[in-house]
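Asker: First the structure, then my questions, so here it is.
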Amino acid sequence: MMSSSALRIAHGSDGEPLAFSVQGPAGKTPMLTAHGLVSSVHHWMFFTPHFSGERPIISWEYRGHGGQPSPQEMEISVSQFADDAHAVWQTAVAEPAVVVGLSFGVQVALEIWRRHPECVKALVLICGTPGRPLDRLTSNALLRRSAIAIVQELAHLPGVSGALLSFLRSRPGLRLARELAYLSGGAHRDACPPEVLEGLFKHVASMSPDLIAATVAAYLEHDANDMLSSITVPTLIIAADRDQLTPVAVAERMQRTIANSKLVVFKGHSHLVQVERPREVHAAIATFLEEHAL
């Protein structure tokens, strides 16, 4: 396979377009990425240039993300994203890859293993949860369902959702969103490049409210805890001790359940450790790849 960064299009089983690129030479095991919630390949701004020097990096956008048209149907699920990843994989390389999930992409990566294990030679799971993130806040099923319903209802209030997205596109909106990210532990004020957060928030503001709500609901409803013990491929789990969105305890539970797994915890960093300390994170991933001859 030739090294190529040109945008290409695969298609989901229902015909939805899926934008992706392949960067890097053939030879070593390819890497297939899965980005964060309502985000884009912008998440891989340091990762792809680093690893594409020695292997193919397949970066793809979830349906309706990254400037693509909103999908015809809003029945969004993590299983559907996993099937979309399989379609991209078939078009791009069709050989087992190291699947790298970041944040929400961890759930997508786990679902790829469940539904399409032939794609997966190893897993790298960065600052994510295996599913049901609201369980950390409440054990009450009614409250969880209510939270999901509220998210979905907001999308159908165009005056509210439109005003929120319009505000997010403004300079004051970006500044407020950035401050909230710092306060929530989603990003480290002294380490996360401001352009990373601005790129993320601008992308969110460009999406349709319906797609945002459907994707967030899929994230909240999904659960892959039941299949963690079935994972047989080498797995690297990366966590950060200041990550309040997916605390270290979540990563520790995954590591105890996945047989052939290793946990690396970065001290003093947040949910976005991958862009806060790219050299250190890349070094941990490179060591893992070398240990398993990938």
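The values are calculated or read from the model by the stated rules, or taken from the named source; none is laboratory data. Note that the structure is predicted; figures quoted are calculated from it, not measured. Every residue, glycine among them, receives a Cβ derived from its backbone with ideal geometry; neighbour counts consider all protein chains shown.
Asker: Tell me, yes or no, whether the range 46-62 has at least one residue that is more than 14 Å from the chain's Cα centre (by Cα) and either among the polar types (S, T, N, Q) or more than 21 Å from residue 22 (Cα to Cα) (or both).
Answerer: The answer is yes, given that some residue of the range 46-62 is more than 14 Å from the chain's Cα centre (by Cα) and either among the polar types (S, T, N, Q) or more than 21 Å from residue 22 (Cα to Cα) (or both).
Asker: Six or more apart or on different chains, Cβ under 6 Å: which pairs go from a residue in the range 264-277 that's under 13 Å from residue 127 (Cα atoms) to one that's among the acidic types (Asp, Glu) and surrounded by 24 or more Cβ atoms within 10 Å (Cβ to Cβ)? Could you list them?
Answerer: Pairs found: 270/243; 271/243.
Asker: Filter the range 278-293 down to the residues that are buried (at least 20 other Cβ atoms within 10 Å of the Cβ) and either modelled with pLDDT under 90 or in a loop (DSSP other than H, G, I, E, B) (or both) and list them by number.
Answerer: none
Asker: Next question, about the same structure. Please specify each residue of the range 221-263 satisfying the condition of being over 22 Å from residue 292 (Cα atoms), outside any loop (DSSP other than H, G, I, E, B) and not polar (S, T, N, Q).
Answerer: Once the filter is applied, which keeps residues that are over 22 Å from residue 292 (Cα atoms), outside any loop (DSSP other than H, G, I, E, B) and not polar (S, T, N, Q), the range 221-263 yields 221, 223, 226, 227, 240, 248, 249, 250, 253.
Asker: Anything in the range 264-277 that is surrounded by fewer than 23 Cβ atoms within 10 Å (Cβ to Cβ) and in a loop (DSSP other than H, G, I, E, B)? List them, or say none.
Answerer: 267, 268, 277
Asker: Hey, among 59, 70, which residue is hydroxyl-bearing (Ser, Thr, Tyr), on the phi < 0 side of the Ramachandran plot, free of Cβ contacts under 8 Å to residues at least 40 places away in the same chain and not in a helix (DSSP H, G or I)? Let's see the steps before the verdict.
Answerer: On the way: 70 fails: free of Cβ contacts under 8 Å to residues at least 40 places away in the same chain.
Checking each option against the conditions leaves just 59.
Asker: What residue, among those in the range 244-263 that are in contact with a helix residue (DSSP H, G or I) (Cβ under 7 Å, 6 or more places away or on another chain) and surrounded by 20 or more Cβ atoms within 10 Å (Cβ to Cβ), is nearest to residue 130 (Cα to Cα)?
Answerer: 254
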